[in-house]
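The values are calculated or read from the model by the stated rules, or taken from the named source; none is laboratory data. Keep in mind the model is a prediction, meaning the values are calculated, not measured. Ideal geometry is used to build each Cβ from the backbone, glycine not excepted, and the neighbour counts take in all protein chains shown. For accessibility, only protein heavy atoms count, side chains too; no ligands or nucleic acids. Shrake-Rupley method; radii C 1.70, N 1.55, O 1.52, S 1.80 Å.
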Amino acid sequence: QVQLVESGGGVVQAGGSLRLSCAASGGTLIMGWHRQKPGKQRELVADIGVGGDANYADFVEGRFTISRDNAKNTVYLQMNSLKPEDTAVYYCKAVGLSGFRRWESWGQGTQVTVSP
């Protein structure tokens, strides 16, 4: 099972920026970020395939950029123009194959708080 270690959360004022990082202990096919607000379901923010094809949620509106370094098994989420409604716990997720078996792994979550 691939382990994920996240970093980069914190508190920032509206309009500010944060960069999240997530390092995997092994190779992955897809890596991405989801977020969960209190009392809400977890939702996709963005994900990226090993070939660099990225997918974003509509609410990102061009403010976030996801990237990955395959040599380091690391995915990044650069978040700009942050809004108070972006406040949530952000979780890294990785998907891969072990033989013909699909697996997925989640990070422990990192808090992002955007103040007005």
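Just a few scattered comments:
- For the chain, the C-alpha radius of gyration sits at 1.02 times the compact-globule guess of 2.2 N^0.38 Å, with N the residue count.
- Taking label positions 7 Å along the Cα-Cβ direction at both A54 and K72, the computed distance is 1.6 nm, reported to one decimal.
- Shape category assigned to segment 1-51 from the gyration tensor of Cα positions, a/c cut at 1.5: prolate
- Counting DSSP beta bridges with both ends in the chain, the antiparallel % (nearest 5): 90
- Relative to the current alpha-carbon distance between S81 and K40, full extension at 0.36 nm per residue lengthens the span by 12.5 nm.
- Nitroxide proxy distance, nm - points 7 Å out along Cα→Cβ at L29 and S7: 2.9
- The radius of gyration of the Cα set in segment 21-79, together with its Dmax, comes out at 11.8, 37 angstrom.
- Estimated FRET transfer efficiency (W106, E61; beta-carbon r; R0 35 Å; 0.05): 0.85
- Farthest positive-ward along segment 72-116 dipole, Cα basis, beta-carbon charges - from T110, N73, F100: F100
- Extension reserve of the S98-A14 stretch, reckoned as 0.36 nm per residue once the Cα distance is removed: 26.1 nm
- Surface composition of the chain: carbon plus sulfur atoms contribute 50% of the solvent-accessible area (1.4 Å probe, protein chains only, all chains present).
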